[in-house]
1. So MET28 clears everything in (1) touching a strand residue (DSSP E or B) at 6+ places or on another chain (Cβ under 8 Å); (2) modelled with pLDDT under 90; (3) among the hydrophobic types (A, V, I, L, M, F, W, C) except one condition, right? Which one?
2. Return the pairs, sorted by first residue and then second, in which the second residue is open to solvent by less than 80 Å² (accessible area, probe 1.4 Å) and among the acidic types (Asp, Glu), the first residue lies in segment 83-104 and is within 18 Å of PRO69 (Cα to Cα) and in contact (Cβ under 8 Å) with a residue 12 or more places away in the chain, the beta carbons are less than 8 Å apart, and the residues are 6+ apart or on different chains.
3. Among the residues of segment 113-132, how many are out of contact with any His (no Cβ under 7 Å at 6 or more places or on another chain), within 30 Å of ASP99 (Cβ to Cβ) and not aliphatic (A, V, I, L, M)?
4. Return the residue satisfying two criteria in turn: it lies in segment 85-106 and is more than 13 Å from the chain's Cα centre (by Cα) and among the aliphatic types (A, V, I, L, M), and of such residues it is nearest to GLY133 (Cα to Cα).
5. Quick test for you: out of ASN130, ASN116, pick the one residue that is outside any strand (DSSP E or B), out of contact with any Cys (no Cβ under 9 Å at 6 or more places or on another chain), touching a residue at least 24 places away in the same chain (Cβ under 8 Å) and open to solvent by 70 Å² or more (accessible area, probe 1.4 Å).
6. Examine segment 149-158 for a residue that is assigned to a strand (DSSP E or B) and over 21 Å from GLN45 (Cβ atoms), and state whether such a residue exists.
7. Within segment 146-172, how many residues turn out to be over 16 Å from ASN77 (Cβ atoms), loosely packed, with under 14 Cβ neighbours inside 10 Å and of a type in the set (A, V, I, L, M)?
8. Among (1) assigned to a loop (DSSP other than H, G, I, E, B); (2) open to solvent by 80 Å² or more (accessible area, probe 1.4 Å); (3) on the phi > 0 side of the Ramachandran plot, which single condition is GLY95 missing?
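The values are calculated or read from the model by the stated rules, or taken from the named source; none is laboratory data. Just so we're clear, the structure is a prediction, and the values are computed from it rather than from any experiment. Every residue, glycine as well, gets a Cβ built from its backbone with ideal geometry; the counts of neighbours run over all protein chains shown. These area figures cover heavy atoms from the full protein model, side chains too; ligands, DNA and RNA do not enter into them. Shrake-Rupley method; radii C 1.70, N 1.55, O 1.52, S 1.80 Å.
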Amino acid sequence: MVNHEGQLYTIEGVAAGVLMIFTAYLVMSTTTVYTPGDTHISDMQLEQLGTDALQMMNTPVNGVQSESPLQTIVEQNNGTAFNTMFLNYVNNETGSKTDNLHYTASVTYRNTTDTNPNATWNYPLASNRNLTGVEHPVRVTEWVIVDTTLPPGAPYSPEERAVLVEVLLWRD
């Protein structure tokens, strides 16, 4: 005997199948949107790496010298020495492969000879690549006590002061 009772179940099955296929299509065709929180972990690691490098550079060698290498670099305005030492610290990895980090560093200080007592000035210290605007750099800083004239080569008498070494660090 043939009747139409099974036809309703067949239509429901086909509708459910089409709905499952359409849902799978929607899920697979959506794009992933990266939020700033997704890149936050790598930024924190890069910031910590840069901070550690600057702190190591600002530590006297074996605790014997009265000046740290970073203090000497800033006092002598030696960008080449900064470039060599900083890149050595941040690009080293375990194994034979090196990281590919880039930076631009500057020194900010309070100009005591200016008529405005709160005037701050800065000058570039070193860089291994210029920022183009598409990079996503992190900022790391370190206070350094120097006993020199600022800006470098100025005809003023040297005085002890704190300067801020600021590095913008990014990865290709």
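1. Every condition holds for MET28 apart from (1).
2. Between residues of segment 83-104 that are within 18 Å of PRO69 (Cα to Cα) and in contact (Cβ under 8 Å) with a residue 12 or more places away in the chain and residues that are open to solvent by less than 80 Å² (accessible area, probe 1.4 Å) and among the acidic types (Asp, Glu), the close pairs are TYR89/ASP52; VAL90/ASP99.
3. First, pick out the residues of segment 113-132 that are out of contact with any His (no Cβ under 7 Å at 6 or more places or on another chain): 113-127, 130-132.
The next check asks that each one be within 30 Å of ASP99 (Cβ to Cβ); those that pass are 122-127, 130-132.
Narrowing the set further to residues that are not aliphatic (A, V, I, L, M) leaves 122-124, 127, 130, 132.
Of the residues in segment 113-132, 6 are out of contact with any His (no Cβ under 7 Å at 6 or more places or on another chain), within 30 Å of ASP99 (Cβ to Cβ) and not aliphatic (A, V, I, L, M).
4. LEU87
5. Working: ASN116 fails: touching a residue at least 24 places away in the same chain (Cβ under 8 Å).
Exactly one residue qualifies, and that residue is ASN130.
6. Filtering segment 149-158 for residues assigned to a strand (DSSP E or B) gives none.
No, the conditions are met nowhere in segment 149-158.
7. Within segment 146-172, residues that are over 16 Å from ASN77 (Cβ atoms), loosely packed, with under 14 Cβ neighbours inside 10 Å and of a type in the set (A, V, I, L, M) number 1.
8. (2)
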